[in-house]
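Q: Have a look at the structure that comes next, please.
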Amino acid sequence: MRLIVGLVIGSMACYAQANGVLYEGARLIVGDGSAPIETGAFLVRNGHITAIGPKGSIQAPAGASRVDLTGKTVMAALNNIHIHIGYEGYVSWSVQNHSPENVLDHLEREAFYGVGTAMAMGDQPVEFAIKFQQNQMAGKFPPAARFFFAAGFAPPGGGPDSLLIQGTTPLHAVNEISTPEEAIAAVRQIAALRIKEVKFWVDNRDNTRGRMKKMPPEVYTALIEEAHKHGMIVHAHATNLGDQKGVVKAGVDVLVHTLVAEKLDDEFVAILKAKRPYWAPVMGLGDRSELCDGDDPFIEQVLPDRVIADIKAGKTWLPSPPCTAPATPQFAQREENLQYNFPKYIAAGARIVLGTDAGVSAKYSYGFAEHHEIGMYVRLGLTPGEAIIASTSRPMEVLQIKDTGVLAKGRRADFIVLNANPLDNIRNTREIDSVYLYGVKLDRQGLQAKFKQAVVDRDATRAKLKKDYVPHPL
């Protein structure tokens, strides 16, 4: 704990605002379910909100700056607990793309769209991830979404899909376990490093890889029980009804994925009601790209023109149909099952929390994926207010940190200024005027220029020589 506190203090020095800044006039969406402050004000000093309330109720200190936000809406920054970063290079995807510069680029793309925190889910080498996190917290990188990570567990040669495993295997990013004893030993090693989040894969696709079998219940049950002894939060990738029943019954904290080929049954509904897990649906990657619906400045503003053309033509690294392809019967069945299942998860007590699974295809990539996912929540039954809670404050419960996620005194000043009210229409989260992280206004114009001018190289083997991004000067 001393290490973490010291690093946070180090980062504070980089963004100090001695006299403070008073933001006035905006509608403030607190993010905890309470009514918005219709004409509000809040004071930011040294990266934190030090006072908040109706306009006129806060006395600004001598020398404080003032920012007029009349007509705007302010909400807390988004927080994403399920993402894969470091490997994507727009149209290439390779372990050779994985570097601190590329991870930073992905976190900057997240921040551009108003994301304050992003957690890499089971795909990062532990030593690399710890060092990156320490450097970021010490203020050695430019402003970007805060990096968190979960250590990954899978059977030998199993777990991540056929694309992700190409990166995690050579980097030894996933802990391989076959028995309950190996699970317990591996969890203890991770716990000794003070890592608080872990993920395991339970997947039928493991059965297709030679004679390997997916993780059995006795192994993941031992993993969950040992992780809980160390105060860890456990995430489980499970995509069919039987496996989702198994991991939730075993006590997993975060259920990852939504049933799309099956419908929930009464037994699973009863299990969900008894356990009430957090639930990261991560649905949008299976959707048709929004770029297929015509010109979309919200997405196109960060993608090189060549990448946009490739997405529309279905030429992304992870295969996807071109925009001209007709909808399949399987897609129609998927939509029917989502419409049926989503409200049942919610009614049974699953606590929805934002995750995107972004990072394996340019069609559903960093930052704009969050806004698509949030839109799906509302389309499938949540109110805009509920979707905002799921995307701002509730992820912080999963991360076990209390310094951000809502607009409140003592919290980090991580917030988005919007030109329209998302409580009226959830698509208004896309009406971004500005983004502030730790009280500092993000240079979105500079970042956009960098993203649009990124070098696009389909030859991933050349990634170390010819980067798929333009590194930010540190």
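The values are calculated or read from the model by the stated rules, or taken from the named source; none is laboratory data. On a predicted model such as this, the values are computed, not experimentally measured, just so you know. As a convention, Cβ positions derive from the backbone with ideal geometry for all residues, glycine included, and neighbour counts pool all protein chains shown. We work out accessible area using only protein heavy atoms, side chains counted, and drop any ligands, DNA or RNA first. Shrake-Rupley method; radii C 1.70, N 1.55, O 1.52, S 1.80 Å.
Q: Name the residues in the stretch 419-452 that are assigned to a loop (DSSP other than H, G, I, E, B), under 25 Å from GLN136 (Cβ atoms), out of contact with any Ser or Thr (no Cβ under 8 Å at 6 or more places or on another chain) and not small (Gly, Ala, Ser), would you? Please lay out each step first, then the result.
A: Looking only at the stretch 419-452, we keep the residues that are assigned to a loop (DSSP other than H, G, I, E, B), and these are 419-425, 431, 438-439, 442-443.
From what's left, under 25 Å from GLN136 (Cβ atoms): 438-439, 442-443.
Filter again for out of contact with any Ser or Thr (no Cβ under 8 Å at 6 or more places or on another chain), leaving 439, 443.
Selection gives ASP443 alone.
Q: Here's a follow-up. Looking only at residues in the stretch 78-114 that are among the hydroxyl-bearing types (Ser, Thr, Tyr) and either in a strand (DSSP E or B) or modelled with pLDDT of 95 or more (or both), which one is nearest to ALA362 (Cα to Cα)? Lay out the reasoning, then the answer.
A: Applying the first criterion (among the hydroxyl-bearing types (Ser, Thr, Tyr)) to the stretch 78-114 yields 87, 90, 92, 94, 99, 113.
Still in the running and either in a strand (DSSP E or B) or modelled with pLDDT of 95 or more (or both): 92, 113.
Details: SER92: 9, TYR113: 15 Å.
That would be SER92.
Q: Within the stretch 349-379, which residues are in a loop (DSSP other than H, G, I, E, B) and surrounded by 20 or more Cβ atoms within 10 Å (Cβ to Cβ)?
A: Residues of the stretch 349-379 that are in a loop (DSSP other than H, G, I, E, B), as a first pass: 349-350, 353-357, 359-361, 365-367.
If the condition is that a residue be in a loop (DSSP other than H, G, I, E, B) and surrounded by 20 or more Cβ atoms within 10 Å (Cβ to Cβ), then ALA350, VAL353, LEU354, GLY355, THR356, ASP357, GLY359, VAL360, SER361, SER365, TYR366, GLY367 are the ones that fit.
Q: Could you tell me which of the residues ALA227, ALA250 is closer than 29 Å to GLU267 by Cα and touching a Ser or Thr at 6+ places or on another chain (Cβ under 6 Å)? If you could, list the steps in order and put the result at the bottom.
A: Details: ALA227 fails: touching a Ser or Thr at 6+ places or on another chain (Cβ under 6 Å).
Of ALA227, ALA250, the one residue that is closer than 29 Å to GLU267 by Cα and touching a Ser or Thr at 6+ places or on another chain (Cβ under 6 Å) is ALA250.
Q: Given the structure, is GLN301 open to solvent by 10 Å² or more (accessible area, probe 1.4 Å), polar (S, T, N, Q) and within 20 Å of GLY89 (Cα to Cα)? If you could, list the steps in order and put the result at the bottom.
A: Working: open to solvent by 10 Å² or more (accessible area, probe 1.4 Å): yes; polar (S, T, N, Q): yes; within 20 Å of GLY89 (Cα to Cα): yes.
Yes.
Q: Consider only pairs whose beta carbons are under 7 Å apart and that are at least six residues apart or on different chains; among these, list those whose first residue lies in the stretch 333-347 and is more than 15 Å from VAL282 (Cβ to Cβ) and whose second residue is β-branched (Val, Ile, Thr) and open to solvent by less than 10 Å² (accessible area, probe 1.4 Å).
A: Partner pairs satisfying both residue conditions: ILE346/ILE352.
Q: For the stretch 195-229, how many residues meet the condition of being part of a loop (DSSP other than H, G, I, E, B) and either among the small types (Gly, Ala, Ser) or closer than 22 Å to ARG276 by Cβ (or both)?
A: Going through the stretch 195-229, the residues part of a loop (DSSP other than H, G, I, E, B) turn out to be 195-196, 203, 209-216.
So of that shortlist, the ones also either among the small types (Gly, Ala, Ser) or closer than 22 Å to ARG276 by Cβ (or both) come out as 196, 210.
Of the residues in that region, 2 qualify.
Let's see how each residue does on (1) in a helix (DSSP H, G or I); (2) more than 29 Å from VAL440 (Cα to Cα); (3) among the small types (Gly, Ala, Ser):
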position: GLN136; (1), (2), (3): yes, no, no
position: LYS140; (1), (2), (3): no, no, no
position: GLY152; (1), (2), (3): no, yes, yes
position: HIS172; (1), (2), (3): no, yes, no
position: GLU182; (1), (2), (3): yes, yes, no
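This table checks each residue for (1) touching a Phe, Trp or Tyr at 6+ places or on another chain (Cβ under 9 Å); (2) assigned to a loop (DSSP other than H, G, I, E, B); (3) open to solvent by 60 Å² or more (accessible area, probe 1.4 Å).
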residue	(1), (2), (3)
ASP243	no, no, no
VAL248	yes, no, no
VAL252	yes, yes, no
GLU262	no, yes, yes
ARG288	yes, yes, yes
CYS292	no, no, no
ASP295	no, yes, yes
LEU338	no, no, no
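Q: Something else about it: If the requirement is being open to solvent by 60 Å² or more (accessible area, probe 1.4 Å), of a type outside the set (A, V, I, L, M, F, W, C) and in contact with a His (Cβ under 9 Å, 6 or more places away or on another chain), which of these qualifies: ARG194, ARG188? Spell out how you get there, then give the answer.
A: On the way: ARG194 fails: in contact with a His (Cβ under 9 Å, 6 or more places away or on another chain).
It is ARG188.
Q: Does the stretch 264-277 hold any residues that are open to solvent by less than 30 Å² (accessible area, probe 1.4 Å) and not β-branched (Val, Ile, Thr), and which are they?
A: LEU264, PHE268, LEU272, PRO277
Q: Still on this model: Name the residue that is nearest to PRO395 (Cα to Cα), counting only residues in the stretch 264-286 that are of a type in the set (Lys, Arg) and not in a loop (DSSP other than H, G, I, E, B).
A: Let us first name the residues in the stretch 264-286 that are of a type in the set (Lys, Arg), namely 273, 275-276.
Within this subset, residues satisfying the condition of being not in a loop (DSSP other than H, G, I, E, B) are 273, 275.
Details: LYS273: 20, LYS275: 18 Å.
Ranking the qualifying residues of the stretch 264-286, first place goes to LYS275.
Q: Could you grab me the full set of residues in the stretch 380-418 that are in contact with a helix residue (DSSP H, G or I) (Cβ under 6 Å, 6 or more places away or on another chain) and part of a helix (DSSP H, G or I)?
A: Hits for the stretch 380-418 are PRO384, ALA387, SER391.
Q: Just for the stretch 302-329: of the residues that are in contact with a Lys or Arg (Cβ under 7 Å, 6 or more places away or on another chain) and in a loop (DSSP other than H, G, I, E, B), which one is nearest to ILE389 (Cα to Cα)? Break it down stepwise before answering.
A: So in the stretch 302-329, the residues in contact with a Lys or Arg (Cβ under 7 Å, 6 or more places away or on another chain) come out as 302, 304, 311, 316, 320, 322-323.
Filter again for in a loop (DSSP other than H, G, I, E, B), leaving 302, 304, 316, 320, 322-323.
Details: VAL302: 26, PRO304: 32, THR316: 33, SER320: 31, PRO322: 34, CYS323: 33 Å.
Per the criteria, the residue is VAL302.
Q: Pull up the stretch 310-343, narrow it to residues that are at pLDDT 90 or above and small (Gly, Ala, Ser), then point me to the one that is nearest to ARG427 (Cα to Cα).
A: Only one residue fits best here, namely ALA332.
Q: Taking the residues in the stretch 31-43 that are crowded, with 22+ Cβ neighbours inside 10 Å and of a type outside the set (Phe, Trp, Tyr) as candidates, determine which candidate is nearest to VAL353 (Cα to Cα). So that I can check it myself, show each step before the final result.
A: Restricting attention to the stretch 31-43, the residues satisfying the condition of being crowded, with 22+ Cβ neighbours inside 10 Å are 31, 40-43.
From what's left, of a type outside the set (Phe, Trp, Tyr): 31, 40-41, 43.
Numbers: GLY31: 13, GLY40: 27, ALA41: 28, LEU43: 28 Å.
Across the stretch 31-43, the extreme among qualifying residues is GLY31.
Q: Of everything in the stretch 197-236 that's open to solvent by 10 Å² or more (accessible area, probe 1.4 Å) and among the aliphatic types (A, V, I, L, M), which residue is modelled with the lowest pLDDT?
A: Out of the qualifying residues, it is MET212.
Q: For the stretch 404-438, how many residues meet the condition of being open to solvent by less than 10 Å² (accessible area, probe 1.4 Å), over 24 Å from ARG45 (Cβ atoms) and out of contact with any Leu (no Cβ under 8 Å at 6 or more places or on another chain)?
A: Matching residues across the stretch 404-438 total 1.
Q: Can you name the residue in the stretch 67-77 that is touching a Phe, Trp or Tyr at 6+ places or on another chain (Cβ under 8 Å) and assigned to a strand (DSSP E or B) and, of all such residues, is most open to solvent (accessible area, probe 1.4 Å)?
A: Keep residues of the stretch 67-77 that are touching a Phe, Trp or Tyr at 6+ places or on another chain (Cβ under 8 Å), which gives 67, 69, 74-77.
Applying the additional criterion that residues be assigned to a strand (DSSP E or B) yields 67, 74-76.
On the way: VAL67: 44, VAL74: 0, MET75: 2, ALA76: 2 Å².
Checking each candidate, the answer is VAL67.
Q: Regarding the stretch 240-256, can at least one residue be identified that is within 25 Å of ILE83 (Cβ to Cβ), modelled with pLDDT of 95 or more and of a type in the set (Asp, Glu)?
A: Within the stretch 240-256, one or more residues are within 25 Å of ILE83 (Cβ to Cβ), modelled with pLDDT of 95 or more and of a type in the set (Asp, Glu).
Q: As an exercise: evaluate ILE346 against (1) open to solvent by 10 Å² or more (accessible area, probe 1.4 Å); (2) at pLDDT 95 or above; (3) more than 26 Å from ASN240 (Cβ to Cβ); (4) aliphatic (A, V, I, L, M) and give the number of the one condition it does not meet.
A: Single failed check for ILE346: (3).
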